[in-house]
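The structure that follows is given in the form of structure tokens.
What follows draws every value from the coordinates through simple rules; no lab data is involved. It should be emphasised that the depicted structure is a prediction, and the values quoted were computed from it without experimental measurement. Because the Cβ atoms are built from the backbone with ideal geometry, glycine has one as well, and the counts that use them run over all protein chains shown.
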Amino acid sequence: MIPSTAIVAWTASSSARSRLARLQPQQAWDAVRNGAILVDIRPEFQRRADGEIPGAIVVERNHLEWRLHPASADRIPEAADVDVHWIVICDEGYASSLAAATLKLIGLHRAADVVGGFQAWREARLPIASPATSTPPRLAPRTQHK
């Protein structure tokens with residue numbers, strides 16, 4: 001019998017979480033105020049519907065490793081070295097666990113995620129903005145559209 005997709009996803013996220021320092025929303029906000037970088041990997045439709053976190057860097061999940069690793073030619077300027085404290089947030093805290101675990105696997109040892117994701121962030125009444133237009137995902141400087 002082949003396991004259902006939900007069971008496979010739950011098992012993968014549970015395994016990923018066992019290797020992470022997961023932060024409660026308030027802990028994540030405190031870490032950001034002390035120099036950590038919050039990376040929002042939610043798709044544009046979710047950010048447009050629910051709002052955005054002021055100061056968070058938007059990076060699409062499928063570009064995450066390329067944008068955050070300092071050895072990548074496609075990195076963003078904030079990806080200065082492997083000691084950057086990246087905090088990944090998604091909508092409910094599942095995709096961010098997998099993403100942060102992957103960042104740790106490629107050597108970004110301070111990667112973490114937010115327990116409960118954006119939904120828990122909102123419930124904790126932490127800052128949320130509703131811009132007129134969604135923030136575009138961050139691209140590598142050499143790929144920015146002019």
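Any residue at all in segment 55-73 that is outside any helix (DSSP H, G or I), in contact with a helix residue (DSSP H, G or I) (Cβ under 8 Å, 6 or more places away or on another chain) and of a type in the set (D, E, K, R)?
Taking every residue of segment 55-73 in turn, none turns out to be outside any helix (DSSP H, G or I), in contact with a helix residue (DSSP H, G or I) (Cβ under 8 Å, 6 or more places away or on another chain) and of a type in the set (D, E, K, R).
Before we move on, is ALA80 under 18 Å from GLN26 (Cβ atoms) and of a type in the set (A, V, I, L, M, F, W, C)?
Answer is no for this residue.
Now for a different question. Within segment 68-81, how many residues are free of Cβ contacts under 8 Å to residues at least 60 places away in the same chain and touching a Lys or Arg at 6+ places or on another chain (Cβ under 8 Å)?
Counting residues in segment 68-81 that are free of Cβ contacts under 8 Å to residues at least 60 places away in the same chain and touching a Lys or Arg at 6+ places or on another chain (Cβ under 8 Å) gives 3.
Working carefully through the options VAL84, VAL88, find the one that is crowded, with 17+ Cβ neighbours inside 10 Å, outside any loop (DSSP other than H, G, I, E, B) and in contact with an Asp or Glu (Cβ under 7 Å, 6 or more places away or on another chain). Steps first, answer last, please.
Numbers: VAL84 fails: outside any loop (DSSP other than H, G, I, E, B).
After applying the criteria, what remains is VAL88.
Can you tell me which residue is surrounded by the fewest Cβ atoms within 10 Å (Cβ to Cβ) among those in segment 123-140 that are within 14 Å of PRO43 (Cα to Cα) and under 16 Å from the mean Cα position of the chain (by Cα)?
It comes out as PRO136.
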